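Below is one structure, written out as structure tokens; comments come after it.
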Amino acid sequence: MEIKTEVITINDQQWEEFTLVNNNGMAVSILNFGGIITKILAPDREGKLENVVIGFENYEDYLDNPGYFGALIGRVAGRIANSQFEMDGKTYTLPKNDGENHLHGGEPGFHKSIWSTVPFENGEETGLTMTLNSPDGENGYPGNLRMTVTYTLNNSNELSITYEGLSDQKTVLTATNHTYFNLSGNLQTDIQDHEITLDSSKFVELDEELIPTGEILDVDNSVFDFRQGRQMKDGVTSEFKQNLVANNGYDHYFLFDKSKEVSAIVRESESGRELKVITDQPGVVMYTSNNLPEGLKLRERQSVQYLGLCLETQASPASIHHDNFPSVWLDKDEKYFAKTTFSFGTF
Ligand code: G6D
């Protein structure tokens, strides 16, 4: 196990990039800025290590990062309708950064904050402990919130992300990571041929603004049924309204049936790479980069639509305005805990 550290000067800020390397040569690079995963080197079926995530060529581009590449997201990942919510008789108003709605915690949010970062390693794993204090009222959210995110890489090629939070007032919180995976290696192809399996029989219906309508739909007999595996491109060619509102793809919260230990599997047949997702979270937003801005200068190429697959494990912001959704409410002094493991293998 090894940790390499590099100082990167961006304008007047000094960022640090930590690269975690395990005994198989798998490497994960992470910035203290936004907790951003900038690169993951994972083996193909021949053992060839290639990058499997979207990342910028020039790090100053992470200052804008309209696609939230690789970033920690919070306080609330996803959209909050009308950028406000009621809590105990009081209305809280959040910044409108997505039309009339609030997206991904607002600015600066977790994705543009400098996290205090302490690397660690022992024989079997290496990682980073990252902490952030978000003051009461930041972006309109109640409560002084202390967040701790731990990235851990072990020698089984598993990258785990653990999120812990504690607020001195009742608040809302559901954090995630917004990495765009592409198992082809060095972004050689887009993700339309990736095969996805989800342990999910239900998903959340969206309106034209990508706001949950309050309805939970069955996946049966639709291109939202990933229980037996399905190629992502089915959502691109689909004429189903829910794929059309997402701009010809997926951008939806899937509720896990929790019938299997592994909640999601992604496979790419040319390379033989396989990614398994094990999580304690009740669901996942699967986003197939339908709205990825084109022409951004990435490490290997320019960005194009459908270049990466996001698996944002989390609870559902729909629970703020509707009953029967996985809750994002967090009581005063209640411990928030979430853990997701991304396990890289081959088939
Ligand atoms: C788009 O609708 C999508 C979001 O789900 C995604 O997180 C964001 O781009 C990066 O707004």
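The values are calculated or read from the model by the stated rules, or taken from the named source; none is laboratory data. Quick caveat: nothing in here was measured; it's all calculated off a predicted structure. Counting neighbours? That spans all protein chains shown, and the Cβs are built from the backbone with ideal geometry, glycine included. Side chains are part of the model used for accessible areas, which takes the heavy atoms of the whole protein and leaves out ligands, DNA and RNA. Shrake-Rupley method; radii C 1.70, N 1.55, O 1.52, S 1.80 Å.
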Residues of region 189-206 that turn out to be touching a helix residue (DSSP H, G or I) at 6+ places or on another chain (Cβ under 7 Å) and touching a residue at least 60 places away in the same chain (Cβ under 8 Å), as a count: 2
Residue match in region 160-178 (condition: without any contact (Cβ under 8 Å) to a residue 12 or more places away in the chain and open to solvent by 60 Å² or more (accessible area, probe 1.4 Å)): no
Residue in region 290-307 that is closer than 21 Å to L198 by Cβ, under 14 Å from the mean Cα position of the chain (by Cα) and open to solvent by less than 10 Å² (accessible area, probe 1.4 Å) present: no
Single residue of region 246-264 satisfying the filter (touching a residue at least 60 places away in the same chain (Cβ under 8 Å) and away from the ligand (no atom under 16 Å from the Cβ)) that is most open to solvent (accessible area, probe 1.4 Å): K260
Qualifying positions in region 1-42 - on the phi > 0 side of the Ramachandran plot and touching a His at 6+ places or on another chain (Cβ under 9 Å): G34, G35
Residue in region 181-199 that is among the charged types (D, E, K, R), assigned to a strand (DSSP E or B), within 21 Å of V284 (Cα to Cα) and more than 16 Å from the ligand (Cβ to nearest atom) present: yes
Residue match in region 270-289 (condition: open to solvent by 20 Å² or more (accessible area, probe 1.4 Å), over 21 Å from I191 (Cα atoms), part of a loop (DSSP other than H, G, I, E, B) and away from the ligand (no atom under 16 Å from the Cβ)): yes
Flag for L94 being at pLDDT 95 or above, hydrophobic (A, V, I, L, M, F, W, C), farther than 22 Å from G345 by Cβ and buried (at least 20 other Cβ atoms within 10 Å of the Cβ): yes
Matching strands (runs of 3 or more DSSP E) fully within region 39-117 where at least 1 residues are among the charged types (D, E, K, R), within 28 Å of L128 (Cα to Cα) and more than 15 Å from the ligand (Cβ to nearest atom): 49-51
Residue tally, condition surrounded by 19 or more Cβ atoms within 10 Å (Cβ to Cβ) and part of a loop (DSSP other than H, G, I, E, B), over region 226-245: 2
Which numbered condition S343 fails, given (1) farther than 26 Å from E208 by Cβ; (2) part of a loop (DSSP other than H, G, I, E, B): (2)
Criterion violated by R267 - all others in (1) open to solvent by 70 Å² or more (accessible area, probe 1.4 Å); (2) within 13 Å of the ligand (Cβ to nearest atom); (3) of a type outside the set (F, W, Y); (4) touching a Phe, Trp or Tyr at 6+ places or on another chain (Cβ under 7 Å) satisfied: (2)
Residues satisfying the stated conditions in region 6-37, i.e. without any contact (Cβ under 8 Å) to a residue 60 or more places away in the chain and either open to solvent by less than 50 Å² (accessible area, probe 1.4 Å) or under 24 Å from E124 (Cβ atoms) (or both): I8, I10, E17, T19, G25, A27, S29, L31
Test: residue in region 317-340 that is crowded, with 22+ Cβ neighbours inside 10 Å and acidic (D, E): no
Test result for D190, crowded, with 18+ Cβ neighbours inside 10 Å and either farther than 28 Å from Y306 by Cα or of a type in the set (D, E) (or both): yes
